[in-house]
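Asker: The structure is given below, and queries will be raised subsequently.
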Amino acid sequence: MDIYTHSQSAGRLDIVDTGRRRRFSNAVKLRIVAESLLEPGRCSETARRHGISRSQLYEWRRLAR
């Protein structure tokens, strides 16, 4: 194995930009919660569609009660 082959096998490092924390208004939270309640058993799909975690959606649902 020569230097060129070795450097190719090392792979590439990708820098992942996590960005900043997103903020949702109360109106948007309520709309997402209402959408999740319209589709029983599909909370994970609703959360994924809006880019939030399931646990975040469950917390918003709890707070909405």
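Asker: Which condition number in (1) within 13 Å of the chain's Cα centre (by Cα); (2) outside any loop (DSSP other than H, G, I, E, B) is the one that Ser36 fails?
Answerer: (1)
For (1) at pLDDT 95 or above; (2) surrounded by 10 or more Cβ atoms within 10 Å (Cβ to Cβ); (3) among the aromatic types (Phe, Trp, Tyr), each residue gets a yes or a no:
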site	(1), (2), (3)
Thr5	no, no, no
Ala10	no, no, no
Leu13	no, no, no
Phe24	no, yes, yes
Leu30	yes, yes, no
Glu39	no, yes, no
Ser44	no, yes, no
Gly51	no, no, no
Trp60	yes, yes, yes
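The values are calculated or read from the model by the stated rules, or taken from the named source; none is laboratory data. Since we're looking at a predicted model, the values are computed, not measured. Heads up, the Cβs are rebuilt from the backbone with ideal geometry, glycines too, and the neighbour counts pull from every protein chain shown.
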